[in-house]
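Notes for the one structure printed next.
Derivation of every value follows stated rules applied to the coordinates shown; laboratory data play no part. What you see is a predicted model, and the numbers here were worked out from it, not measured in a lab. Cβ sites come from the backbone with ideal geometry, for glycine too, and all protein chains shown count toward neighbours.
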Amino acid sequence: MRVSPTTMSARCLGFAIFLAACSARETEVMIYVDEPSPDASPCIGVVGFEITMTGSSESWTSGPRMNALPVLDGSSCRIARPFSASGVPLDALLTVTVLGYDSAHAARISGTAQVESLSGSPVHITLAAIVGAKPAVLVIDRAPLLGGMSLTDVTRMVVATQTRPQTLLDVSVSDVGAYFSAVDPGAFGVDAVPDTLLTVDFTFVQGGSVPRVRLTATQNGAYWQTQAK
Amino acid sequence: VRRCRRETPDRALGPLKKSRRTAPVFSAAALLFASGTGRADRLALVPLDAPGRSAPQVVAEKLASDLLAHGHRVVASADVVARVAMGNQGAGPDWAAQLQESIDAARAALTRLDRALALGMSRHFAEEIAHRGGGAGGGDVLVSWCLLERQLALTGSDAKGAAAWLDRAIALGPDVELDPLRHPDEERDGFARRRVELRALPPAMLSVATTPSADIWVDGVRRCESPCTVSLLPGRHFARASSPAHQPAAFEVELRAGSTTTRQIGLSAAYSGASLPAISAMLGDPSRRTEGASALEPLARFLDVDHAVALYPEETGVRVMISPPPPRSAKVGRILAPDQISSSVLLDLTRSPDVPNAPWYGRPTTWIAGGGAVVAIVAGIVIYGATRPAKTATVTVTSSP
């Protein structure tokens, strides 16, 4: 069968375009977040993570990745759901940052990696405690304290010592967002727990309130567990 | 063309009648097509005689005009005849004897006081002798011609001219002894006396070099083989260089006493194929028609043309043969009405040659296809490089397993 020169040329051009189209698919790359050492337990009190990837001209943010419960055990410091971003340049400098937050949206743990090329071996990010993070963690099961109100209606929560009144924690929910209400019991970083007798005051939307609640704090390893009196 | 139509009544055209009705449309379309796609060919038109019929010169002239109008280069039929005939016709003793008879006839006319006839004949002899370079039949005929001219000058009361012609006769044939039956005593005496005087002059030298080497004939006598030098009496001389398989070269030269004149000549190959009358005879015989058509190919090669277009009157039209024939054309051509010839020839000449048995690497389409493929691949690579996005990845961040 004779093939005309025009047909032959058209076929070659079509084949080249086909190759070009086929070769445009993206590569799948995994970045692994490694738990910190369980002994140090810097992850305790973390209720959610946020992941940010920053390239030369673009950035990708995961938003809150909330856990079902706060991390109370050093071996359960895991991101609840993976975060995927597409269109990330394969051979450009990429900075990946992972932050773990408590219920007051205060960062307690972080990990950062700078990747020059995603084509190489898998990238691992190791989490570590943030310098300056509040060392004590107060765990409060808030639902029983609300007198039937919803946690999402709370606009402010103030925790103070009872004997010699000292505010340990003052959380304005509007500044915290989903971290306050998405996970209960909540875990809050505080500087210290000088008294085991504590009071909690809740303020609700539209000015509602419940009577002040008295709590007893009990240290449970790396965190303080509270219980209503 | 109009004359040809008058000579060819419609009823006699027979099968050509229908085609003649459509000829104008066909011709216009063909000429338009040919003008758009044709290429310039070098062509020779060869009108041939047929038994009892003269060569179609008018048709040939019309065809030459149309071919020239479409950018072809045409060797005119008269030139073809002249170039083919050159070298075929001898200039030896037979020619000299025939010319001598004609000179005698002119002398007889002069004796009858028919000077005009003798003068006209003598001018013709001059052209013939010059064309043949003095021929190769000896110097007698040249001397006779010069003495005829002398007689013409004397009868014209041109004494000076008569003396010049006597000198020229002696220069052309210093050793010739005049025949008493042809030349009167006065002429022979004058010739003898003046010869003594001219022989006393210093001789003139003619040096001739040719490519290839050739026999050099001067004043009808073979003198040497070139390159060589000849000693001659001063005066005007005819010379001729001839070599086998080459056209003879003829020239005239004026030599002065004591001087040397040099000539360098290149000889062209002679036409060795069938003569035009022989080709006509073959075409007139149906059993030898193919042979006759084949004989046109050496003719085309000799004339250094792409095609020889032969026109041979046949039946009620003209047989047109193109040699070498264009692709898909019959070697013996076909019979056409005169007004179809130009369009048909132009259409035939536009056909590109076939290369049916060429190897794959010898076919133009192979190279065109290969070049196209390379260009397409390069274009594809360029398009790919220009349009593809930067290499990207889908990155998933998750806890270590």
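Per-residue shielding of A:77-87, expressed as the average number of other chain Cβ atoms within 10 Å of the residue Cβ, stands at 4. DSSP bridge analysis restricted to region B:190-337 gives an antiparallel fraction near 80%, rounded to the nearest 5.
Could you give the size of the charge dipole of region B:79-233 about its Cα centre, using +1 on the Cβ of each K and R and -1 on the Cβ of each D and E, expressed in debye and rounded to the nearest 20? Display every interim value, and only then the final one.
Working: 17 positive and 22 negative charges, 61 e Å.
Around 300 debye, computed over region B:79-233.
If R₀ is 51 angstrom, what is the calculated FRET efficiency for the pair B:Asp104 and B:Ser268, using the beta carbon separation as r and rounding to 0.05? Given R0 = 51 Å and the Cβ-Cβ separation, E is 0.90.
Loop only per DSSP, at most 13 neighbouring Cβ atoms within 10 Å: give me the trypsin sites (Lys or Arg not before Pro) in region A:131-216, ordered by residue number. Please list the in-between numbers first.
Values: sites: A:Arg142, A:Arg156, A:Arg212, A:Arg214; in loops: A:Arg142, A:Arg212.
Sites meeting the loop and neighbour criteria: A:Arg212.
Between B:Cys224 and B:Leu201, the modelled labels are 2.1 nm apart [label points 7 Å from Cα along Cα→Cβ].
Return the distance in nm (one decimal) between the two label points of a simple spin-label model at B:Ala40 and B:Thr387, each offset 7 Å from Cα along Cα→Cβ. Between B:Ala40 and B:Thr387, the simple spin-label model gives 4.5 nm.
Any idea what % of Cα-Cα pairs in chain A are farther than 33 Å? Could the numbers behind the result be given before it?
Numbers: 9213 of 26106 pairs.
Summing the P(r) tail past 33 Å for chain A gives 35 percent.
Only lysine pairs 8 or more places apart or on separate chains count here, and in the protein assembly as shown those with Cα atoms under 29 Å apart total 6.
Available extension along the chain between B:Asp158 and B:Glu61 is 30.4 nm, counting 0.36 nm per residue and deducting the alpha carbon span.
Between the Cα long axis of helix B:159-172 and the first principal axis of chain B there is an angle of about 70°, rounded to the nearest 10.
For region A:111-154, backbone nitrogen atoms closer than 14 Å to the point 7 Å from A:Thr27 Cα along Cα-to-C-beta are found at A:115-123.
Converting phi to 3J(HN,Hα) with the Karplus coefficients 6.51, -1.76 and 1.60 and the offset θ = phi - 60°, region A:97-114 yields 10, 10, 10, x, 10, 8, 6, 9, 6, 9, 5, 10, 8, 8, x, 9, 9, 10 Hz in sequence order, with x at every glycine or proline. When chain B is treated as a GNM, springs tying every alpha-carbon pair under 10 Å, which of B:Trp165, B:Trp360, B:Trp95 comes out with the largest mean-square fluctuation? Of the options given, B:Trp360 has the highest mean-square fluctuation. Which angle between 0 and 90 degrees, to the nearest 10, do you get for helix B:57-69 versus the longest principal axis of chain B when only C-alpha atoms count? Roughly 50 degrees, rounded to the nearest 10.
Considering only chain B, what is the antiparallel percent among its DSSP beta bridges, to the nearest 5?
Details: 32 of 47 bridges.
Looking only at bridges with both residues in chain B, the antiparallel portion is about 70 percent.
Only bridges whose two residues both fall in the protein assembly as shown count here: according to DSSP, what percent of them are antiparallel, nearest 5?
75
Size descriptor for region A:96-155, Kirkwood hydrodynamic radius: 14.8 Å (Cα pairs only, one decimal). Peptide B:160-169 has a mean shielding of 0, counted as Cβ atoms of other protein chains within 10 Å of each residue's Cβ. Residue-wise HN-Hα couplings along region B:311-326, as the Karplus relation 6.51 cos²θ - 1.76 cosθ + 1.60 with θ = phi - 60° gives them from phi, are 10, 10, x, 8, 6, 9, x, 10, 7, 10, 10, 10, 10, x, x, x Hz; Gly and Pro carry x. Across all Cα pairs in chain B, the calculated P(r) in 20 Å bins from zero up to the longest distance comes to 21, 34, 28, 11, 4, 2, 1, 0 percent per bin. Around the Cα centre of chain A, unit charges on the Cβ atoms of Lys, Arg, Asp and Glu (plus for the first two, minus for the last two) sum to a dipole of about 420 debye. Projecting the Cα positions of B:Ala169, B:Met205, B:Leu181 onto the charge dipole of region B:161-276 (unit charges on Cβ atoms of Lys, Arg, Asp and Glu, taken about the Cα centre) puts B:Met205 furthest along the positive direction. At what distance in angstrom do the alpha carbon centres of region A:152-172 and region B:43-57 lie from each other? Centre-to-centre distance over Cα atoms comes out at 128 Å.
Computed over every Cα-Cα pair of region A:157-229 and binned at 5 Å starting from 0, the pair-distance distribution P(r) comes out as 3, 14, 25, 27, 19, 9, 2, 0 percent. On a per residue basis, the convex hull of the C-alpha atoms belonging to region B:142-266 measures out at 106 Å³.
Partner chain Cβ atoms within 10 Å, averaged over the residues of B:372-383 - can you pull that number for me?
Values: counts 10, 8, 2, 3, 10, 5, 3, 5, 9, 3, 1, 4.
Per residue, the average neighbour count from other chains is 5.
Relative to the globular-protein estimate of 2.2 N^0.38 Å, the Cα radius of gyration of the protein assembly as shown stands at 2.31.
Could you please report the charge total around B:Leu147, scoring K, R as +1 and D, E as -1 over all other residues with beta-carbon less than 10 angstrom from its beta-carbon?
Working: positive: B:Arg107, B:Arg150, B:Arg168, B:Arg182, B:Arg188; negative: B:Glu149, B:Glu187.
Once positives and negatives cancel, what remains is +3.
Less than 5 angstrom separates the built amide H of B:Leu267 from those of B:Thr211, all sequence-distant by 5 or more or on a different chain. Taking a sphere under 14 Å around the Cβ of A:Leu138 and counting the other residues whose Cβ falls inside, with K and R at +1 and D and E at -1, yields a net charge of -3. Net charge dipole, the protein assembly as shown: roughly 1800 debye, given to the nearest 20, about the Cα centre with Cβ charges of +1 for Lys and Arg and -1 for Asp and Glu.
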